[in-house]
Amino acid sequence: MLLDINGNYITIGLLIFFYTMEQVLSTPFKFNKRPLHLFHNSLFFGAVFIATYIFSMFQVYSIDWFNRHGIGLLYLVNIPFWVKLVLGVALFDMTTYCFHRITHKIPFLLRLHRVHHSDTTVDSTTYFRIHPLEVIVFGTANIIGAAIFGLDLMAMALYFFILIPFAILEHTNLLLPRLVDTTLGWIFVTPNMHKVHHAQDQHYTDSNFADIFILWDRLFGTYKYLPVNKIKFGLKEFDEDKKQTFLYQMKSPFINIKRITANELANIEQKPESVIR
Ligand SMILES: [Zn+2]
Ligand SMILES: [Zn+2]
């Protein structure tokens, strides 16, 4: 994810830029306790940074080994360098899309992944709110993608160079015009589309899995649309403030917490929200 120090500077710069934009533009999704939210998500950023730093050594070593041995489908065809590069970005994104769907299906992986979904106040810092062990899951997705399709390290570097700005933007609290969805949104994931994936209602949580190309969701039938102002973020079972802390979230994959289904959610008394999220 963050392969070198320059990439880290860019990532932090993007985070500061989008976080500031959220404040300056008076986003429609302002919420209380924002400094506390920033504090906890910053701890996640640190944990994810360390996990990525460690796992990326194995990731780079493995992919380099596959490349040196000519392993993967693209080694069977003779195509121009730039085509392989563009295909590489698309195929890394498709592999991550597949793994993301798998994390929603396998109980232990979902326990790790629900850390990302449990954020009740999604903003630009939410992309980094993932359990550090989940770095292994999605890092493995990159390794498997490289082994199957024959993707190289250059394609992976370009993939992350595109992915990180996309992923931070997708979580920002900026209300973007519907026109963005109806044009760019045929191919790319827009912020409005990724927000649907963060809805409490599981019908919508199990949709819009893609990171860069929404095309995968459209092709594989997992695309759904819901206006952002109708979305309630997070997971009902993590609504309490004490369950939103870094420490609780780090422990949460090892705690048995029952998922509140869409039906149960509908039956729970809908009290008026004190803040618009
Ligand atoms: Zn998810
Ligand atoms: Zn997300």
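Structure summary
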| read-out | value |
| --- | --- |
| Unique match (being within 16 Å of ligand 1 (Cβ to nearest atom), surrounded by fewer than 14 Cβ atoms within 10 Å (Cβ to Cβ), closer than 30 Å to Lys195 by Cα and at pLDDT 95 or above) among Ile50, Ile102, Ile130, Ile106 | Ile106 |
| Residues located in segment 30-47, provided they are more than 15 Å from Leu15 (Cβ to Cβ) and modelled with pLDDT of 95 or more | Ala47 |
| Any hit, segment 152-172, residues being over 30 Å from Gly72 (Cβ atoms) and either at pLDDT 95 or above or of a type in the set (D, E, K, R) (or both) | no |
| Selection status of Leu87, away from ligand 2 (no atom under 12 Å from the Cβ), closer than 18 Å to Glu237 by Cα and more than 12 Å from the chain's Cα centre (by Cα) | no |
| Residues of segment 169-194 that turn out to be among the charged types (D, E, K, R), within 16 Å of ligand 1 (Cβ to nearest atom) and over 21 Å from Thr11 (Cα atoms), as a count | 0 |
| Residue pairs meeting the criteria (Cβ under 9 Å; at least 6 apart or on separate chains; first aromatic (Phe, Trp, Tyr) and away from ligand 2 (no atom under 11 Å from the Cβ), in segment 199-210; second part of a helix (DSSP H, G or I) and at pLDDT 95 or above) | Tyr204/Val196; Tyr204/His197 |
| Failed condition for Thr125, given (1) crowded, with 22+ Cβ neighbours inside 10 Å; (2) among the β-branched types (Val, Ile, Thr); (3) within 12 Å of ligand 1 (Cβ to nearest atom) | (3) |
| Residue selected from segment 110-125 under the condition part of a loop (DSSP other than H, G, I, E, B) and either of a type in the set (Gly, Ala, Ser) or more than 19 Å from Leu163 (Cα to Cα) (or both), by the criterion nearest to ligand 2 (Cβ to nearest atom) | Asp119 |
| Lone unmet requirement of (1) without any contact (Cβ under 8 Å) to a residue 12 or more places away in the chain; (2) farther than 29 Å from Thr20 by Cα for Gly88 | (1) |
| The one condition in (1) touching a Ser or Thr at 6+ places or on another chain (Cβ under 7 Å); (2) more than 14 Å from ligand 2 (Cβ to nearest atom) that Thr172 fails to fulfil | (2) |
| Ile136 of a type in the set (Val, Ile, Thr) and away from ligand 2 (no atom under 16 Å from the Cβ) | yes |
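Quick grid of which residues meet (1) without any contact (Cβ under 8 Å) to a residue 12 or more places away in the chain; (2) within 15 Å of ligand 2 (Cβ to nearest atom); (3) among the β-branched types (Val, Ile, Thr):
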{"residue": "Phe108", "(1), (2), (3)": "no, no, no"}
{"residue": "Tyr127", "(1), (2), (3)": "no, yes, no"}
{"residue": "Thr140", "(1), (2), (3)": "no, no, yes"}
{"residue": "Leu151", "(1), (2), (3)": "no, no, no"}
{"residue": "Ala157", "(1), (2), (3)": "no, no, no"}
{"residue": "Ala167", "(1), (2), (3)": "no, yes, no"}
{"residue": "Ile187", "(1), (2), (3)": "no, no, yes"}
{"residue": "Asn192", "(1), (2), (3)": "no, yes, no"}
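The values are calculated or read from the model by the stated rules, or taken from the named source; none is laboratory data. This structure is a prediction, so every number in the text was calculated from the model and none was measured. Note that each Cβ is placed from the backbone with ideal geometry, even for glycine, and that neighbours are counted across all protein chains shown.
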